[in-house]
Structure formats: C-alpha cells, structure tokens
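*Asks:* Next up is a structure, given as structure tokens.
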Amino acid sequence: MEAALGIDVGGTNVRAAVIDVATGLVLAARRGPLAGRTPDQVVRAAVRAALEAVEAAGVRPVAAGAGFAGQIEGESGRVLSAPNLGWRDVALGDLLAAALGVPVRVVNDLNAAAWGEYRHGAARGARSALVVFAGTGVGAGVVLDGRLLSGARGVAGEIGHVKVEPPPGEPVRSCGCGARGCLEAYAGGAGISARLAGARAEGKAAGLSSPDDVERAALAGDPWASAFWESTAARLGRAVADAVTLLDPGTLVLGGGLLLGNPALLAAVERVVRAETSKTAMEGLSVRAAALGDDAGVVGAALLSVK
Ligand SMILES: [Zn+2]
C-alpha cells in the first residue's frame, strides 16, 4: 500500500493523517493544539501530530503535504503571507521537511480541501468542480479539466474577497484581509456575528448572536431572521453564481460548517445560485454537499504531495 501524510494547519489546532493514496481513506489521524502562532510552535505541533498519526497507521508515508491558510509561493513551500497567524515569508515546507525527513508540499488549505473533495469526496468522478467553503471565513478551490488552479500569485479561488454591496441599512464592513466590502465580511461566520452585534446595538436581532441563533429563529418563522438569511444568501449565492457562470465547472460543491450546519441558509444559497447562474452553465450543474468534513484538508494535502 502506498500511503501519504496530510497535514492541515488551522488557526488554533493542527490535524495530521496518513492517507491510503489509492482509495483516499484515512488510515490514522491525530489532532493537536497550537501552543502559539510562531513558525517554530506551529511546526512543532504539526510534527508531533504527524509522527503520532504515522505511528498509529503503522505505514511509512512516501510523501507529505500540508494545507495552510495563507498565500503560498508556487511549489516552493514558502508562505508569503498568512494574516491569521501574522506570518510573512516563512519557509514552512523546508522546516517541516527537515523535521519529518520527507519532502513536504505546502498548498493553500482550501485548495487542499477542494482537491480532497474532488478526488475522493463529493466531486469524485467529476472532470471539473468549484468547491466553496463557508465557515468562519469564505473560500473556494477550483479544479478545471482535472487541474487544480493556483493562479499567478497562488491565490486563485479567493471568493471570500470579491466585493459585495452591503445589505440596505448596513455599513461597508472591513475584512481581515485589510480591504473593505469583502463577501467574507458579510457571509463568513465571523462577519455574520459582527453584523448581528451591529443589529443588536440598533435594537434589532434581540437574542441573536451567532449563525446558529439565526438558523433556529428562521426555522421558527422569525421574519427578521429569515430576512437576514436572505440578505446573506443573496450575496454569497450571487458570488458563487458568478463564479459558476465564469468557470462552467459542471459540479458545484458547497461545504464548511456555516453552510452544512445551517440547512435554511444552505437552501437559500442554492436558490440564489440556481436563479442567477447563466442558463448554459446552470444546465446540468450538479450541486452537492461536501462529503469529507474535517478530512477534506488532510486527504487533499496528502494526495497533492504524490500527484
Ligand atoms: Zn477580504
């Protein structure tokens, strides 16, 4: 059996798994907390989780891949910038390779997760796929005609940073990327919570402070919550519809905790996508829910390392 190691570095923890390359199955997985955000602390946590996963799997991986939330320079393994962790120009691939004793390919975390869904998840068997994740933030990975798109600067698929109009009565919001008016600031989990805080300060949204609260209230028939979900879905759905129109992927995978945990929001987003995608790109578009959950990132990173 040929096995590869996948590592997924998140904002607060790191997950590592040994993957059967032929089937995409997770042979063993381990998760560990980040003690801090410095490269040294992150590498140490990643290596510990990785070595534990390798020991548990009982097979030696032939290669390793790491998904990382940041801008990665081509195949060099260098992280050019990672706003979440405050990194600039860190040779993450070299640091991990030195500690693990195998070459480590570093890719953007959502590109890794998209590749996992494409190869062994919801888009398995498809020729192309647009994979959109909405959780705390919003992002996407694009596989066209079998190729994972990275782009000239390595940031292809950053749908969370396309600009949207604020809902009527709401301010233009600042985004974690430093820009204003990004989709993620309205339709990511953190942005949604910030919008709710603003609404509560104006005497609206009483008792609603999280996406889960809005979902419960919308399902119970609360008109304000329903309108809030519609305004959120209108922006997220429009951006996704535009991307489908542009790329003609044939398969659209929707994932991430925000969408998969809130069926009323997911249904509203799907309605907008169906209504606003070009007729030709919409014809035959298969819309699917992401299937791999937390495993998508480690599966994709591992498989990209042997590609
Ligand atoms: Zn942004």
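The values are calculated or read from the model by the stated rules, or taken from the named source; none is laboratory data. Treat the numbers as computed from the prediction; the structure is a model and nothing was measured. All Cβ positions, even for glycine, are placed from backbone atoms using ideal geometry, and neighbour counts span all protein chains on display. What goes into the accessible areas is simple: the full protein's heavy atoms, side chains included, and nothing from ligands, DNA or RNA. Shrake-Rupley method; radii C 1.70, N 1.55, O 1.52, S 1.80 Å.
*Asks:* Step by step: first the residues of the stretch 33-47, then only those that are open to solvent by 90 Å² or more (accessible area, probe 1.4 Å) and outside any helix (DSSP H, G or I), then the one that is nearest to VAL14 (Cα to Cα). Which residue is that?
*Replies:* Among residues in the stretch 33-47 that are open to solvent by 90 Å² or more (accessible area, probe 1.4 Å) and outside any helix (DSSP H, G or I), the one nearest to VAL14 (Cα to Cα) is PRO33.
*Asks:* Which of the numbered conditions does VAL240 fail, given that it passes all the others? Conditions: (1) within 16 Å of the ligand (Cβ to nearest atom); (2) of a type outside the set (D, E, K, R); (3) in contact with a strand residue (DSSP E or B) (Cβ under 9 Å, 6 or more places away or on another chain).
*Replies:* Against the list (1) within 16 Å of the ligand (Cβ to nearest atom); (2) of a type outside the set (D, E, K, R); (3) in contact with a strand residue (DSSP E or B) (Cβ under 9 Å, 6 or more places away or on another chain), VAL240 comes up short only on (1).
*Asks:* Out of everything in the stretch 253-280 that is farther than 11 Å from LEU236 by Cα and in contact with a Lys or Arg (Cβ under 7 Å, 6 or more places away or on another chain), what residue ends up being least open to solvent (accessible area, probe 1.4 Å)?
*Replies:* VAL253
*Asks:* Consider VAL62 carefully, then state whether it is in contact (Cβ under 8 Å) with a residue 12 or more places away in the chain and either open to solvent by less than 40 Å² (accessible area, probe 1.4 Å) or part of a strand (DSSP E or B) (or both).
*Replies:* In short, no.
*Asks:* Of the conditions (1) touching a Pro at 6+ places or on another chain (Cβ under 8 Å); (2) in contact (Cβ under 8 Å) with a residue 40 or more places away in the chain, GLY181 satisfies every one except a single condition; which number is it?
*Replies:* Going through (1) touching a Pro at 6+ places or on another chain (Cβ under 8 Å); (2) in contact (Cβ under 8 Å) with a residue 40 or more places away in the chain one by one, GLY181 breaks only (2).
*Asks:* Here's something else I'd like to know. If you check GLY178, GLY160, GLY169, GLY151, which single one turns out to be near the ligand (Cβ under 9 Å from one of its atoms) and exposed (fewer than 13 other Cβ atoms within 10 Å of the Cβ)?
*Replies:* Only one candidate passes the filter, namely GLY178.
*Asks:* Among the residues of the stretch 71-116, write down those that are open to solvent by less than 10 Å² (accessible area, probe 1.4 Å) and either out of contact with any Gly (no Cβ under 7 Å at 6 or more places or on another chain) or without any contact (Cβ under 8 Å) to a residue 40 or more places away in the chain (or both).
*Replies:* GLY77, VAL79, ALA82, GLY93, LEU96
*Asks:* If I ask for residues that are of a type in the set (Lys, Arg) and surrounded by fewer than 21 Cβ atoms within 10 Å (Cβ to Cβ), which ones from the stretch 214-237 would you list?
*Replies:* Scanning the stretch 214-237 gives a single hit, ARG216.
*Asks:* Consider ALA190 against the criteria (1) open to solvent by less than 40 Å² (accessible area, probe 1.4 Å); (2) in contact (Cβ under 8 Å) with a residue 40 or more places away in the chain; (3) part of a helix (DSSP H, G or I): it satisfies all of them except one. Which criterion is unmet?
*Replies:* Here ALA190 meets the rest and fails (1).
*Asks:* Examine the stretch 70-88 for a residue that is over 20 Å from the mean Cα position of the chain (by Cα) and not in a loop (DSSP other than H, G, I, E, B), and state whether such a residue exists.
*Replies:* Looking through the stretch 70-88, at least one residue is over 20 Å from the mean Cα position of the chain (by Cα) and not in a loop (DSSP other than H, G, I, E, B).
*Asks:* Report the residue count in the stretch 138-169 for those that are in a loop (DSSP other than H, G, I, E, B), free of Cβ contacts under 8 Å to residues at least 60 places away in the same chain and closer than 23 Å to GLY261 by Cβ.
*Replies:* Residues that pass the stated criteria total 2.
*Asks:* Only residues that are among the small types (Gly, Ala, Ser) and closer than 27 Å to VAL131 by Cβ: list them for the stretch 157-173, please.
*Replies:* If the condition is that a residue be among the small types (Gly, Ala, Ser) and closer than 27 Å to VAL131 by Cβ, then GLY157, GLY160 are the ones that fit.
*Asks:* Please give the helices (runs of 4 or more DSSP H) falling wholly within the stretch 199-307 in which 2 or more residues are without any contact (Cβ under 8 Å) to a residue 40 or more places away in the chain.
*Replies:* 211-219, 223-247, 263-276, 279-282
*Asks:* So how many residues does the stretch 9-32 have that are under 13 Å from ALA296 (Cβ atoms) and either basic (Lys, Arg) or open to solvent by 40 Å² or more (accessible area, probe 1.4 Å) (or both)?
*Replies:* The number of residues fulfilling the criteria is 2.
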